[in-house]
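The values are calculated or read from the model by the stated rules, or taken from the named source; none is laboratory data. Source: prediction; values computed, not measured. For neighbour counting, all protein chains shown are included, and Cβ atoms are generated from backbone atoms with ideal geometry for every residue, glycine included. Remember, those area values only see protein heavy atoms, side chains included, never the ligands or the DNA or RNA. Shrake-Rupley method; radii C 1.70, N 1.55, O 1.52, S 1.80 Å.
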Amino acid sequence: MAEVAAPTATSPYAPLRHRTFRWLWLGVMISVFGTFMQVVGAQWLFVDRPDAGRIVALVQAATTLPSLVLALPAGVLADSFDRRALLLGLQAYLLVVGLSLTGLAFAGEVTVAVLLVFTALLGASTALELPAWQSIVPTLLPRDQIGAATRLDMLGVNVARAAGPALAGLVIARAGVPWVFALNAVSVVGFGVALLLWRPPRRDVPRRERFLPAIRAGGNYVRRDPPTRRILLRTAAFVLPGTAVWALLPILANEQYGVGPGAYGVMFAVLGIGALLGVLLLGRVRTALPAERLLHVAALPV
């Protein structure tokens with residue numbers, strides 16, 4: 001059997017040669033997998049009620065709103081505190097919140113209000129976790145592998161976006177929504193264990209910037225930097241309509257197409273498959289189109 005060549009520094013998989021990054025990245029991806037399962041379970045829980053459209057829209061809002069509200073504070077916290085300790089605390093928080101929701105679901109005590117509160121609590125942790133994880137990555141790898149690590153993150157998220165909903169639909173069809181909540185709760189354990197085993201080198205901690213002045217400084221930077229404003233506007237132009245599609249998908253599946261949770265999970269997974277194909281093709285497309293033109297093409301209505 002031919003020997004497989006070791007990846008070089010230019011390989012898209014080169015960051016996985018670094019043991020610490022590999023295990024932390026795997027833990028993050030398993031957690032993301034659970035997050036997408038959780039979204040499907042939360043959206044399907046009340047899909048048979050007469051006011052399902054309103055409930056599903058509120059669930060989507062509770063999922064997305066924390067990321068919008070906490071974006072700047074999350075960045076400040078990631079810069080101000082020990083990131084490993086912050087991430088460990090968030091994993092413990094997610095486990096407690098996830099298991100609490102699971103227990104209420106098995107007991108049949110999840111009302112619409114309870115579901116919305118727990119969805120927002122889970123979304124808040126996700127919003128706080130992302131900047132801390134992204135800030136850790138450059139400390140784990142050589143500088144020339146950071147771009148490859150970013151692409152691996154995109155690849156992993158989109159694999160989870162495709163496979164997580166499909167598995168969630170299967171679990172709901174066979175066992176019920178509470179088991180989806182349970183799987184999401186335990187999905188954080190791997191990342192927590194990887195963080196516990198990681199011993200980062202001691203570094204001099206810079207003086208912490210005060211919380212409110214740091215947020216004001218971030219807001220001023222965005223307001224005065226045109227390229228950053230354009231990026232945020234383009235992101236909003238995609239995310240806001242996309243969120244509406246994701247919110248309406250369970251209603252379309254249940255009421256218009258008359259399919260069950262398994263088929264709904266597959267429908268949701270198709271979104272992830274498309275995103276995954278985009279990530280895999282991005283390298284080749286970038287060689288033919290400049291980044292600015294590629295963004296214009298990607299924004300065209302379909």
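So that you can scan it fast, the table gives a plain yes or no per residue for (1) small (Gly, Ala, Ser); (2) in a helix (DSSP H, G or I); (3) within 14 Å of ALA132 (Cβ to Cβ):
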site	(1), (2), (3)
PHE33	no, yes, no
PHE36	no, yes, no
VAL40	no, yes, no
ASP48	no, no, no
LEU65	no, yes, no
LEU68	no, yes, no
ALA78	yes, yes, yes
LEU90	no, yes, yes
VAL97	no, yes, no
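So is PRO73 modelled with pLDDT under 90, in a helix (DSSP H, G or I), open to solvent by less than 40 Å² (accessible area, probe 1.4 Å) and in contact with a Phe, Trp or Tyr (Cβ under 9 Å, 6 or more places away or on another chain) or not?
yes
If only one of LEU122, LEU140 is farther than 30 Å from ARG17 by Cα and in contact with a Leu (Cβ under 9 Å, 6 or more places away or on another chain), which one is it?
Details: LEU140 fails: farther than 30 Å from ARG17 by Cα.
Exactly one of LEU122, LEU140 is farther than 30 Å from ARG17 by Cα and in contact with a Leu (Cβ under 9 Å, 6 or more places away or on another chain), namely LEU122.
Matching residues to (1) more than 13 Å from MET37 (Cα to Cα); (2) among the β-branched types (Val, Ile, Thr); (3) touching a Gly at 6+ places or on another chain (Cβ under 8 Å):
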{"residue": "GLU109", "(1), (2), (3)": "yes, no, no"}
{"residue": "VAL114", "(1), (2), (3)": "yes, yes, no"}
{"residue": "GLU129", "(1), (2), (3)": "yes, no, no"}
{"residue": "PRO142", "(1), (2), (3)": "yes, no, no"}
{"residue": "LEU155", "(1), (2), (3)": "yes, no, no"}
{"residue": "ALA168", "(1), (2), (3)": "no, no, yes"}
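Return a yes/no flag: does the stretch 94-108 have any residue that is in contact with a helix residue (DSSP H, G or I) (Cβ under 9 Å, 6 or more places away or on another chain) and either modelled with pLDDT under 90 or within 24 Å of ALA244 (Cβ to Cβ) (or both).
Looking for residues that are in contact with a helix residue (DSSP H, G or I) (Cβ under 9 Å, 6 or more places away or on another chain) and either modelled with pLDDT under 90 or within 24 Å of ALA244 (Cβ to Cβ) (or both), one finds none in the stretch 94-108, hence no.
For the stretch 100-119, which residues satisfy the criterion of being buried (at least 19 other Cβ atoms within 10 Å of the Cβ) and under 21 Å from the mean Cα position of the chain (by Cα)?
Selection gives LEU101, THR102, LEU115, PHE118, THR119.
Look at THR126 and say whether it is loosely packed, with under 15 Cβ neighbours inside 10 Å, in a helix (DSSP H, G or I) and at pLDDT below 90.
Taking the combined requirement at face value, the residue does not satisfy it.
For the stretch 162-183, name all the residues that are open to solvent by 30 Å² or more (accessible area, probe 1.4 Å) and either over 16 Å from MET29 (Cα atoms) or small (Gly, Ala, Ser) (or both).
ALA163, ALA166, LEU170, ALA173, ARG174, ALA175, TRP179
Identify the single condition in (1) closer than 22 Å to VAL177 by Cβ; (2) open to solvent by 20 Å² or more (accessible area, probe 1.4 Å) that PRO66 does not satisfy, given that it satisfies every other one.
(2)
Here's a check for you: in the stretch 233-256, which residue that is exposed (fewer than 12 other Cβ atoms within 10 Å of the Cβ) and at pLDDT 75 or above is farthest from the chain's Cα centre (by Cα)?
Looking at the filtered set, the residue picked out is GLN256.
Got a sec? Which of ASN158, ASN220, ASN184 is part of a helix (DSSP H, G or I) and either hydroxyl-bearing (Ser, Thr, Tyr) or at pLDDT 85 or above (or both)?
Selected residue: ASN184, the only one of ASN158, ASN220, ASN184 that is part of a helix (DSSP H, G or I) and either hydroxyl-bearing (Ser, Thr, Tyr) or at pLDDT 85 or above (or both).
If a residue must be without any contact (Cβ under 8 Å) to a residue 40 or more places away in the chain and surrounded by 15 or more Cβ atoms within 10 Å (Cβ to Cβ), how many such residues does the stretch 135-144 contain?
Residues that pass the stated criteria total 0.
Do the conditions hold for GLY89, that is, is it within 19 Å of the chain's Cα centre (by Cα), at pLDDT 85 or above, at negative phi and open to solvent by less than 20 Å² (accessible area, probe 1.4 Å)?
no
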